[in-house]
Amino acid sequence: MKVIVPVKRVIDYNVKVRVKADGTGVDLANVKMSMNPFDEIAVEEAIRLKEAGVVEEIVAVSIGVKQAQETLRTALAMGADRAILIVATDDVHQDLEPLAVAKLLKAVVDEEAPQMVICGKQAIDNDMNATGQMLSALLGWSQATFASEVKVEGDSAQVTREVDGGLQTISVKLPAVVSVDLRLNEPRYASLPNIMKAKKKPLEEKTPADYGVDVSPRLTVVSTAEPATRSAGVKVADVAELVAKLKDEAGVL
Amino acid sequence: MSVLLIAELSGGALALDATAKALTGAKQLGDVTVLVAGEGTDDAAAEAATLDGVSKVLHADAAIYGHGLAEPLAALVVSLAGDYSHIVAPATAAGKNLAPRVAALLDVMVISDVTGVVDGDTFERPIYAGNAIQTVKSADATKVVTLRTANFDAAPTGGSAPVETIAAADDPALSSFVEDKVQESDRPELTSAKIVVSGGRGVGSEENFALIESLADTLGAAVGASRAAVDSGYAPNDWQVGQTGKVVAPELYIAVGISGAIQHLAGMKDSKVIVAINKDEEAPIFQIADYGLVADLFDAVPALKEAL
Ligand SMILES: Cc1cc2nc3c(=O)[nH]c(=O)nc-3n(C[C@H](O)[C@H](O)[C@H](O)COP(=O)(O)OP(=O)(O)OC[C@H]3O[C@@H](n4cnc5c(N)ncnc54)[C@H](O)[C@@H]3O)c2cc1C
Ligand SMILES: Nc1ncnc2c1ncn2[C@@H]1O[C@H](COP(=O)(O)O)[C@@H](O)[C@H]1O
């Protein structure tokens, strides 16, 4: 079967994010960008399913600025077979909303007819945790979010999900959308030969207009502000002082 | 304006704390109807009706709603949506599973993890692991919102709203429940506990994690963990605190053997008092701790337990 893996180009998780002085957003000029960490896990899972003989073809899809082709090259170097880039903006500061992303992904799915879409649970920039669920709804497919284990069995998949009280296992009919959580696997690094090979893999470029999808935002960003900061308190010398402070000063014991 | 609040359930029982906290946010948006959809939920519906400020409880009891599967629940919520300006759920695993699906079916953009309600269209939410707070205004006809419970006080009980039984909606029959692995515990729940004791990679092993748990028990606290501790198998996944785990804001948060990565801070920096125990005096956690103790946790934690 065929699998589609949506991968998002986001600020690297190690970068200290700074809010722009004029409150219009965060500063993304000249900062290190990477593949969303959850999407690396999604790519890895697709590759493992391919290695297990369950999956024949992996198509990585990214939506955003032209530079997202680097993210797609990373997916190809890890082991995806081909890639589709939908250039939706030329402004690195413009983030497409999950609803628009889901509509574009639906259009790709309609063309590609995969049996599964494996995406990240959450993009670490907008922290929305929405695209997979939205795509599944638009397609009328089953959904399995926050996956920590995926087993494909015939025309269904058994997925273990990370939920608030522990773990839940469900069985979803294929085709399905699966969103992955942190414990699903440990993504591989692309080897140098594979990075070279990835340069020759097909990467198709499209625009939202090619799919006839309206990507205008539904939410207007009114402002972006620094969070309230917390200043460092005091160092205590020992446990006795700590207990005394918690009792007498903070009043929490 | 009228609001449909999706009650949080846990094994058929009302998850009172999450529901009551989300209710406080929902009340800022209008008149609140609570939807209790599950299996064997008569008590849950009756309890939801006692929450102060609830106008009505809609009760849908059917086997298809028994395990929180997103597709049948979303179909039910969408069938009710016409009557409401806002559809609200707590930003729990269940709420996050459901709300975006509902939003997409209504062709509206979901607004996730809201920490503040400005007005009926305008909401505050953290982005970039809480490194920035964004205020967004929605132009959609129906607003679908998840509320971060740590930012809202629980609404009290004392009300007596009518409970109306409603029929189940069509079942899309796309997925089925297999099993739950739920840890039974007498400890308070992580997201509602007054005190949380969390352990990190520094704790070193699953066996050593008993040290963290026993300190928590002495304090009547819930136990949390960093991602590193969970990934290493010292603690179960549902103890993870942080950007992609649970968000907590207790009176007292004690971080033991946790370095203080931004992704961890995202889940606990709104705690009232933060204590850090770490042997590295340069650990970033000390930059936000009210009380920092530079010590080996294997000395400090037993001593602390002793001193309490
Ligand atoms: C996409 C993504 C999402 C993430 N989400 C989360 C999340 O939700 N929650 C989360 O916590 N992390 C999250 N992380 C991981 C985060 O970046 C850090 O890697 C993690 O928080 C580190 O955990 P730690 O502090 O326990 O481990 P470390 O950073 O290794 O710190 C261990 C600390 O223990 C101290 N120590 C060691 N031995 C002792 C001793 N004997 N006594 C006292 N102190 C000792 C050390 O000095 C050190 O400071 C995420 C990362 C990514 C990429
Ligand atoms: N612009 C995008 N391009 C490709 N994939 C995306 C994009 N936005 C979101 N996704 C996918 O959807 C997941 C969840 O993102 P979000 O709903 O924004 O938190 C991500 O982990 C990606 O797999």
Considering only strands (runs of 3 or more DSSP E) fully contained in segment A:1-53, which possess at least 2 residues that are within 16 Å of ligand 2 (Cβ to nearest atom) and within 13 Å of chain B (Cβ to nearest Cβ)? A:9-11
How many residues of segment B:226-264 are over 22 Å from B:Gly95 (Cβ atoms) and more than 6 Å from ligand 1 (Cβ to nearest atom)? The answer is 13
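Hand me the list of strands (runs of 3 or more DSSP E) wholly inside segment A:60-176 holding 2 or more residues that are surrounded by fewer than 20 Cβ atoms within 10 Å (Cβ to Cβ). Lay out the reasoning, then the answer.
Values: elements: A:82-87, A:116-120, A:142-153, A:156-163, A:166-173.
Passing ranges, in order: A:82-87, A:142-153, A:156-163, A:166-173.
Checking the conditions here, which among B:Ile262, B:Ile274 is crowded, with 22+ Cβ neighbours inside 10 Å and within 11 Å of another protein chain (Cβ to nearest Cβ)?
Working: B:Ile262 fails: crowded, with 22+ Cβ neighbours inside 10 Å.
After applying the criteria, what remains is B:Ile274.
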Single residue of B:Asp180, B:Asp170 found to be outside any strand (DSSP E or B), within 13 Å of another protein chain (Cβ to nearest Cβ) and not β-branched (Val, Ile, Thr): B:Asp170
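Name every residue in segment A:161-192 that is among the hydroxyl-bearing types (Ser, Thr, Tyr) and more than 20 Å from A:Val55 (Cα to Cα), in order of residue number.
Keep residues of segment A:161-192 that are among the hydroxyl-bearing types (Ser, Thr, Tyr), which gives A:169, A:171, A:179, A:189, A:191.
Once the filter is applied, which keeps residues that are among the hydroxyl-bearing types (Ser, Thr, Tyr) and more than 20 Å from A:Val55 (Cα to Cα), segment A:161-192 yields A:Thr169, A:Tyr189, A:Ser191.
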Please verify whether segment A:77-93 includes one or more residues that are in contact (Cβ under 8 Å) with a residue 40 or more places away in the chain, away from ligand 1 (no atom under 16 Å from the Cβ) and within 19 Å of A:Arg183 (Cα to Cα). yes
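Looking at segment A:184-202, can you tell me whether even one residue there is crowded, with 20+ Cβ neighbours inside 10 Å and assigned to a loop (DSSP other than H, G, I, E, B)? I'd like the intermediate steps shown before the answer.
Kept after step one, since they are crowded, with 20+ Cβ neighbours inside 10 Å, are these residues of segment A:184-202: A:184, A:198.
Narrowing the set further to residues that are assigned to a loop (DSSP other than H, G, I, E, B) leaves A:184.
Yes.
Out of A:Val252, A:Val215, I need the residue that is facing another protein chain (nearest Cβ under 7 Å) and either touching a residue at least 60 places away in the same chain (Cβ under 8 Å) or in a loop (DSSP other than H, G, I, E, B) (or both). Which one?
Exactly one residue qualifies, and that residue is A:Val252.
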For residues that are closer than 30 Å to B:Gly242 by Cα and basic (Lys, Arg), scanning just segment A:86-123, find the one that is farthest from the other protein chains (Cβ to nearest Cβ). A:Lys103
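Touching a residue at least 40 places away in the same chain (Cβ under 8 Å) and either more than 11 Å from chain A (Cβ to nearest Cβ) or more than 16 Å from ligand 2 (Cβ to nearest atom) (or both), is that true of B:Ser205? Don't jump to the end; show me each part of the working.
Working: touching a residue at least 40 places away in the same chain (Cβ under 8 Å): no; either more than 11 Å from chain A (Cβ to nearest Cβ) or more than 16 Å from ligand 2 (Cβ to nearest atom) (or both): yes.
No, not satisfied.
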Boolean, B:Ala129 is assigned by TED's automatic domain parsing to the domain that holds B:Ser10 and more than 24 Å from B:Leu4 (Cα to Cα): yes
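Hey, among B:Ala155, B:Ala129, B:Ala150, which residue is surrounded by 15 or more Cβ atoms within 10 Å (Cβ to Cβ) and either at the interface with chain A (Cβ under 10 Å from one of its Cβ atoms) or without any contact (Cβ under 8 Å) to a residue 60 or more places away in the chain (or both)?
B:Ala129 is the lone residue from the list that is surrounded by 15 or more Cβ atoms within 10 Å (Cβ to Cβ) and either at the interface with chain A (Cβ under 10 Å from one of its Cβ atoms) or without any contact (Cβ under 8 Å) to a residue 60 or more places away in the chain (or both).
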So how many residues does segment B:132-147 have that are in contact with a Ser or Thr (Cβ under 9 Å, 6 or more places away or on another chain) and facing chain A (nearest Cβ under 7 Å)? 8
It is to be established whether one or more residues within segment A:212-222 are more than 24 Å from the chain's Cα centre (by Cα), modelled with pLDDT of 95 or more and within 30 Å of A:Val19 (Cα to Cα). yes
Given the conditions (1) part of a strand (DSSP E or B); (2) in contact with a helix residue (DSSP H, G or I) (Cβ under 6 Å, 6 or more places away or on another chain); (3) farther than 29 Å from B:Thr50 by Cα, report the number of the one that B:Pro126 does not fulfil. (2)
Which is touching a residue at least 24 places away in the same chain (Cβ under 8 Å), within 24 Å of B:Asp107 (Cβ to Cβ), of a type in the set (Val, Ile, Thr) and touching a Phe, Trp or Tyr at 6+ places or on another chain (Cβ under 9 Å), of B:Thr33, B:Thr41, B:Thr24? B:Thr33
Being more than 18 Å from B:Thr244 (Cβ to Cβ), surrounded by 22 or more Cβ atoms within 10 Å (Cβ to Cβ), modelled with pLDDT of 95 or more and at the interface with another protein chain (Cβ under 7 Å from one of its Cβ atoms) narrows B:Ala70, B:Ala89 down to just B:Ala70
For segment B:265-298, the count of residues that are free of Cβ contacts under 8 Å to residues at least 24 places away in the same chain and near ligand 1 (Cβ under 8 Å from one of its atoms) equals 3
Looking for something more than 8 Å from ligand 1 (Cβ to nearest atom), within 17 Å of the chain's Cα centre (by Cα), at pLDDT below 95 and not in a helix (DSSP H, G or I) - is there at least one such residue anywhere in segment B:192-214? yes
Out of the residues in segment B:277-289 that are farther than 24 Å from B:Tyr128 by Cα and buried (at least 22 other Cβ atoms within 10 Å of the Cβ), which is farthest from the chain's Cα centre (by Cα)? B:Asn278
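Conditions tested, residue by residue: (1) closer than 24 Å to B:Glu179 by Cα; (2) within 14 Å of another protein chain (Cβ to nearest Cβ); (3) hydrophobic (A, V, I, L, M, F, W, C).
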position: B:Ala44; (1), (2), (3): yes, no, yes
position: B:Val54; (1), (2), (3): no, no, yes
position: B:Val57; (1), (2), (3): no, no, yes
position: B:Ala62; (1), (2), (3): yes, no, yes
position: B:Leu76; (1), (2), (3): yes, yes, yes
position: B:Ala81; (1), (2), (3): no, yes, yes
position: B:Tyr84; (1), (2), (3): no, no, no
position: B:Leu98; (1), (2), (3): yes, yes, yes
position: B:Asp107; (1), (2), (3): no, yes, no
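The values are calculated or read from the model by the stated rules, or taken from the named source; none is laboratory data. All figures in this text were calculated on a predicted structure; none of them were measured in a lab. Neighbour counts run over all protein chains shown; Cβ positions are idealised from the backbone, glycine included.
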